[in-house]
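So the structure is just underneath, and the comments pick up after that.
Nothing in this text is a laboratory measurement; each read-out follows from the coordinates by a stated rule. Nothing here was measured: the structure is a model prediction, and the numbers come from that model. When we count neighbours, we look across all protein chains shown, and the Cβ atoms used for this are built from the backbone with ideal geometry, even at glycine.
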Amino acid sequence: MKTSLQSLSPELLGLVEGQLSNDEVSSDDELVPYFIQSGLTEVQARDAISFRPRYRINVYLAGHTPIRNEGIVLRFNPHKGEFEAD
């Protein structure tokens, strides 16, 4: 998937994915300025927010996330105890 986020450094991608996965308190409207202050453009910040619903409900294999997407997005299936294509 092509997104404006693919040009971000690994450090910024980690920050974005960490917030999308773990921040259950902040609203989308609060996260956008946080992402901008962290170095994203407004377009990138809003693009990141569009992935939030997926990151909130899934655990992804490192490097195979919806944003980094190296061809196959792999999420953990707790019923099978393994990662599977999303």
Problem set entry | ³J(HN,Hα) computed for each position of region 52-62 - Karplus, 6.51 cos²θ - 1.76 cosθ + 1.60, integer Hz, glycine/proline x | 4, x, 5, 6, 6, 10, 10, 10, 9, 6, 3
Exercise. Taking H as built 1.01 Å from N, whose amide H comes closer than 5 Å to the amide H of PHE83, not counting residues under 5 places away?
Worked result: ASN77
For this session: Set the Förster distance to 35 Å, then compute FRET efficiency between ILE36 and PHE76 from the Cβ-Cβ distance, nearest 0.05.
Result: 0.70
Exercise. Residue by residue, what Karplus-based ³J(HN,Hα) values in Hz, rounded to whole numbers, does region 6-20 have, using 6.51, -1.76 and 1.60 with θ = phi - 60° and x for Gly and Pro?
Worked result: 5, 8, 6, 5, x, 5, 5, 4, x, 4, 4, 5, x, 5, 5
Exercise. Nearest 20 debye, what's the magnitude of the dipole of the chain about its Cα centre given +1 on Lys and Arg Cβ and -1 on Asp and Glu Cβ?
Worked result: 240
Problem set entry | Top positive-direction residue, dipole computed over the chain with Cβ charges, set VAL43, HIS64, LEU13 | HIS64
